[in-house]
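Worksheet: one structure, shown below.
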Amino acid sequence: MSKFRIVFRQVYLKNLKSGTYIWMVLAPLVFLLIGGVITIGIVKTQQPVNVALVTPQAELAPLVASLPKKNDAYQRATKITTEAQAKQALSRSKLDGYAVLTSQNNQMKVSYVSRASGQGLPFSTLDAQFNQLSLQYQAERLQLSGAALQTLLAPIKTTQTTVAFNDQGKAEKRDNNQQVVNTIVATAVSVLMMMFIMMYAGMIASEVAAEKGTRIMEIVLSSINVNTQFIGKIVAILALIMTQLGVYVVLGLVGKPLVTHYLFQAFPAVKSMLSNFKLPGLAAGQLVLTGLFLIVGIMTYTVLAAMLGSLVSTVEQAQQAITPLSMVAVLAYILGIMAGNGVNNPLIKVTAFVPLLSPILAPARVSAEAMSVSAGWLSLLISVVVLVLLYYVSLIFYRANVLVYSDSNLWQSWRASWRILTNRQRQSRP
Amino acid sequence: MPVLMVHDLVKKFGTMTAVDHVDFTLNPGEILGLIGQNGAGKTTTFRMILNFIEPDQGQIRWQGQPFTQAQYNQLGYLPEERGLFPKMTVMDQISYFAELRGMKRATIRAEVPRWLDRFAVKAKPTDKIRDLSKGNAQKIQLIATLIHHPKLIILDEPFSGLDPVNVSLLREGMLDMKREGAAIIYSDHNMTNVEQVSDQLVMLRQGEMVLNGTVDQVRQQFGRIKVYVETTLPQEQLAAIPGVVRITPRRHDLELTLADEAVGREVFKLVTAQGYLPEFSQQPPTLEEIFKLKAGADHE
């Protein structure tokens, strides 16, 4: 077996079996599951708002009785017809609130009373219904015909169309709620990218610092060329990323029929709701782009983290070593969230092409449909070129740092490795 | 042909010279002890041999050739600070290091139990490293250094932290590898070990080579300036002999340090004047004494 494969296998298997990696793979699924369970739990346990609608005036009683007994906003306690009964029921927590309708000088008035510890009353729904009642009451009093009343009450007709432009500049219709979906997807992409990038960067930095700190690095580098060892580690991390994505693909393929067969049958409302939304990317290859950005992004941060990990002498210092990198990732994350929320200023537009920021920002912008897929591919190409350059720069510094032990701070370690590099170059000159 | 030839090696860190014109050669089946105080340049010398750092001057030759990747599998290296993966099993840990030295997995798996037995390691191949005692973990690292039967073995303070039983096992292990034809270079502070296993000795002081040769040659350089004598004569009478530099009483006898080995004859005459004498021995100084003498010069 080649020495590259030995290093690759060791790094791959060691991390594959580690708790950190298993958690990293499972975390998004666990969060998804917890979110789903909580949502279902809330929906299942949610009680309707119990209200009583009463009036002390007999002439208003038929109007009050005509109001719906149950709708999406509340459930009426129809047996309660007087304010005294309503008060008593409220004190016994049988009601969340009640409304008293009165009329004075032909003007209707509604008083709401709600329980502080109860569910909030759906004021907008109730107001709208009482307004309707008031109009009916006034129309009858003024002896307006039903048709006249209909004409008077007819609202202005409005239509809303939201469009997104595809790569060919053609407008595609979007559901009015699409912006919300885009924001959710873009935010999720930013959060997941940030999480994976920081975890893989932390993993490689700790790996390098631990091997250096325990002097395992010395044994390894007395058996193998440093370049082979470096690439073995980096490719092992790439394989871990691919494994993680593979797990999601497999779970997605297995999970899809489960969702379509069981979930949609059990909750037809979910099916009709999802059919209204177009998940960005599924149709136009953005998903592939996002996956590639994930790989390139993680690899870019990984090679830099390996270099930074080689600057320190103990595993405890590894997180400190990658702090500058974390700050860049946090910046990219913040910009990604902003992009997901529709912020589209020149700074966001430009940084979506800047390597280290683009792996988070560009997929978020593409998901938010603020950036075309072809611009996304261009940004990816720039990131790939920079990744190759950074790989070689990191390897040069890794080679200089990895067997240099120092108790000094990161900056001094950096300067020391720079001195070693320049000395080597001087020595290699004829 | 020597396995290792180190010629005129110089390494500076800033203004500090860590290794200063060091020369030695090591043949197959030889053990070289590299001694010196902490910071004398031993580990820096090892790191240059291992190609971890480049010398500012001088040459290192492996079997007459510059160091190349081809030599990786012929080398065994035990660093000064021991390091193993705590979560790995004994078998996996040894396998990883041995595979990096070019051994086949099947061969390693077949040989590990024999090596564990040879070094009396109280652990099974399936035990995790983190569950081992410090001594056993050290022996696992030593096995990982030797299992591929390297031609050149570099051991940086291998006896450090071992109890006397394990010191003896390690010493035997080194001598076995020597008998197999391996060349061994190691550093140590314990002169008893150095005296017992080394064929050659190099002492560094502030990077400079202050001693070089076989153990006997090094000791003979100082002459037989030590006399161990069991006598009833008062110490004052012995101290009065010109050339007796110091008298150190020991449990049963006296240790006399002489300015010159010829003074031994005067001492002998005086102590045998009354006839029978249970002990009189004139010897060169021990390595321990030479070490202190040479290292002490550092502080003068």
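Since every read-out is calculated from the coordinates, none of them should be taken as a lab result. The model shown is predicted, which means the values in this text are computed figures rather than measured ones. For neighbour counting, all protein chains shown are included, and Cβ atoms are generated from backbone atoms with ideal geometry for every residue, glycine included.
Here are a few things to note about the model shown:
- Using the Karplus relation 6.51 cos²θ - 1.76 cosθ + 1.60 with θ = phi - 60°, the per-residue 3J(HN,Hα) values for the range A:139-153 come to 5, 5, 5, 8, 6, 7, 6, x, 5, 5, 5, 4, 4, 5, 8 Hz, with x marking Gly and Pro.
- Amide H to amide H distances under 5 Å link B:I31 with B:I184, B:D199, B:Q200, where only residues 5 or more positions off or on other chains count and H is placed in the peptide plane.
- Compactness check for the range B:111-199: Cα Rg over 2.2 N^0.38 Å is 1.06.
- In the protein assembly as shown, helices alone account for a calculated mean residue ellipticity at 222 nm of -16500 deg cm²/dmol, with every DSSP H run of four or more residues adding -39,500 (n - 2.57).
- Altogether, the Stokes-Einstein calculation at 4 °C and 1.567 mPa s, with the Kirkwood radius of the range B:177-251 over Cα pairs as Rh, returns a diffusion coefficient of 82 µm²/s.
- Scoring A:399-406, B:176-183, B:233-240 by mean Cβ neighbours within 10 Å over their residues and listing the highest first yields A:399-406, B:176-183, B:233-240.
- Positive-end ranking of A:L32, A:A58, B:P285 along the dipole of the protein assembly as shown, with charges on Cβ about the Cα centre, is headed by A:A58.
- Ranked for footprinting exposure by Cβ neighbours inside 10 Å, fewest first, B:M16, A:M203 give B:M16, A:M203.
- The relative contact order of the range A:50-153 comes to 25 percent, based on Cα pairs under 8 Å that sit 6 or more residues apart.
- Applying the Karplus relation 6.51 cos²θ - 1.76 cosθ + 1.60 with θ = phi - 60° to the range B:180-191 yields 3J(HN,Hα) values of 6, x, 6, 9, 10, 10, 8, 10, 6, 9, 8, 6 Hz, where x marks Gly and Pro.
- Part-to-part distance (alpha-carbon centres) for the range B:68-134 and the range A:381-407, which is given in Å: 30 Å
- Centroid-to-centroid separation of the range A:105-142 and the range B:230-261 [C-alpha atoms, Å]: 120 Å
- Under 5 Å, built H, 5+ apart or other chain: amide partners of B:R205: B:V210
- About the centre of its Cα atoms, the range B:213-290 shows a dipole size close to 60 debye [charges on the beta carbon of Lys, Arg (+1) and Asp, Glu (-1) only; nearest 20 debye].
- Amide H contacts under 5 Å for A:A77: A:V51, A:A52, A:L53, restricted to partners 5 or more places along the chain or on a different chain, H placed in the peptide plane at 1.01 Å from N.
- Formal net charge of residues neighbouring A:A52 (Cβ-Cβ distance under 10 Å; K, R +1; D, E -1): +2
- Cross-link partners for A:K212 among the aspartates and glutamates, with Cα-Cα distance under 16 Å and sequence neighbours closer than 8 places in the same chain left out: A:E316, A:D407, B:E80, B:E81.
- Environment charge of A:S117, counting only residues whose C-beta is closer than 13 Å and scoring Lys/Arg +1, Asp/Glu -1: +2
- Shape parameters for the protein assembly as shown, alpha-carbon atoms, Rg then Dmax in Å: 41.6, 155
- Exposure proxy for B:F280, B:F24, A:F8: other Cβ atoms within 10 Å of each Cβ, ordered fewest to most, give B:F280, B:F24, A:F8.
- Cβ charges +1 (Lys, Arg) and -1 (Asp, Glu), total dipole of the range A:299-422, debye: 240 debye
- Hydrodynamic radius of the range B:223-283 per Kirkwood, over alpha carbon pairs, in Å: 11.3 Å
- Across the range A:128-134, computed HN-Hα scalar couplings (Karplus, 6.51 cos²θ - 1.76 cosθ + 1.60, θ = phi - 60°) run 4, 5, 5, 4, 4, 4, 4 Hz from first to last residue, x flagging Gly and Pro.
- Each Cα pair of the range B:12-125 feeds into the Kirkwood radius, which the Stokes-Einstein equation turns, at 20 °C and 1.002 mPa s, into a diffusion coefficient of 126 µm²/s.
- Share of alpha-carbon pairs per 10 Å distance bin for the range A:50-153, given as whole %: 14, 47, 29, 9, 1
- Its convex hull of Cα atoms gives the range B:4-220 a direction-averaged projected area, equal to a quarter of the hull surface, of 11.8 nm².
- Dipole of the range B:4-220 [Lys/Arg +1, Asp/Glu -1 at C-beta], most positive-end residue of B:L152, B:M91, B:S133: B:M91
- Fraction of alpha-carbon pairs over 24 Å apart in the range A:1-101 - percent: 56 percent
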